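Inspection log for the structure reproduced underneath, given as structure tokens.
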Amino acid sequence: MKQCLFLVTLFLLTHSVCGQYSSKIKKAVKLFKEAQVVPSQQIDPKTGYPDFGSGIEILNKCLLKDPNFWEAYLLRAEFHLNLRNKSEAISDYENALRINPEHSRTGMTFSQLGDLYLDRGEYAKSLQYIQRFLKNPNANSDYLKLGKLIYESATFSIEAMKNPVPFEPL
């Protein structure tokens, strides 16, 4: 959760300072900016936590205006992660990469996907993404440690599945 909040905060700070977005559609940018602040300004009455669900609804409208607005996919992925909607987060991260494979200087999207696919038991896909992250010369050293653990876990899991060991519980 802390990792997700850190990424959302970093993402928001980067774009509020730079002010440039991939979308040139003013209504889409307006909706994106609105969605950015919703979780910090509204509480979900059902959970008592930041209202990521309302942010997602606004981002859905934003993406209807501009389906190539990769920043909106990235933010929606982060919101989905905070709600533990991992399948939706994967889809949004992959859409952001499809639109702009080089959107992240540090390669954090690859790290997130590697981790999410490991969690789902899709070890080959996990390796595919985490290897791209680990090869990134700008990757954050703190996240490189986690990336190496993901790589080792996925590699071990693939080998273990190739060579199953009989298991008879007592």
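The values are calculated or read from the model by the stated rules, or taken from the named source; none is laboratory data. All values reported here derive from a predicted model rather than from experimental measurement. Backbone-built Cβ (ideal geometry, glycine too); neighbour counts: all protein chains shown. Only protein heavy atoms, including side chains, enter the accessible area calculation; ligands, DNA and RNA are left aside. Shrake-Rupley method; radii C 1.70, N 1.55, O 1.52, S 1.80 Å.
Of all residues in region 54-72, which are open to solvent by 20 Å² or more (accessible area, probe 1.4 Å) and of a type in the set (Phe, Trp, Tyr)?
Answer for region 54-72, where residues must be open to solvent by 20 Å² or more (accessible area, probe 1.4 Å) and of a type in the set (Phe, Trp, Tyr): just Trp70.
Would you mention how many residues in region 118-157 are open to solvent by 60 Å² or more (accessible area, probe 1.4 Å), part of a helix (DSSP H, G or I) and not aliphatic (A, V, I, L, M)?
The number of residues fulfilling the criteria is 13.
Can you name the condition, by its number, that Phe79 falls short on among (1) under 22 Å from Asp119 (Cβ atoms); (2) in a loop (DSSP other than H, G, I, E, B)?
Evaluating Phe79 over (1) under 22 Å from Asp119 (Cβ atoms); (2) in a loop (DSSP other than H, G, I, E, B) leaves (2) as the failure.
Restricting to region 85-115, give me the number of residues that are in a helix (DSSP H, G or I), crowded, with 21+ Cβ neighbours inside 10 Å and either touching a residue at least 24 places away in the same chain (Cβ under 8 Å) or hydroxyl-bearing (Ser, Thr, Tyr) (or both).
Here the count works out to 11.
Exactly one condition in (1) modelled with pLDDT under 95; (2) open to solvent by 20 Å² or more (accessible area, probe 1.4 Å); (3) touching an Asp or Glu at 6+ places or on another chain (Cβ under 6 Å) is false for Val8; which is it?
Of the numbered conditions (1) modelled with pLDDT under 95; (2) open to solvent by 20 Å² or more (accessible area, probe 1.4 Å); (3) touching an Asp or Glu at 6+ places or on another chain (Cβ under 6 Å), the odd one out for Val8 is (2).
Does any residue in region 57-76 that is without any contact (Cβ under 8 Å) to a residue 60 or more places away in the chain come within less than 6 Å, Cβ to Cβ, of a residue that is open to solvent by 30 Å² or more (accessible area, probe 1.4 Å) and in a helix (DSSP H, G or I) six or more places away or on a different chain, and which pairs are these?
Here the result reads Ile58/Glu34; Leu59/Arg76; Lys65/Lys27; Asn68/Ile99; Trp70/Ile99; Tyr73/Asn95, each pair linking region 57-76 to a residue that is open to solvent by 30 Å² or more (accessible area, probe 1.4 Å) and in a helix (DSSP H, G or I).
Please find, within region 57-71, the residue that is nearest to the chain's Cα centre (by Cα) out of those that are aliphatic (A, V, I, L, M) and within 10 Å of Phe32 (Cα to Cα). Steps first, please.
Residues of region 57-71 aliphatic (A, V, I, L, M): 58-59, 63-64.
Still in the list and also within 10 Å of Phe32 (Cα to Cα): 58-59, 63.
Numbers: Ile58: 18, Leu59: 15, Leu63: 16 Å.
The extreme case among them is Leu59.
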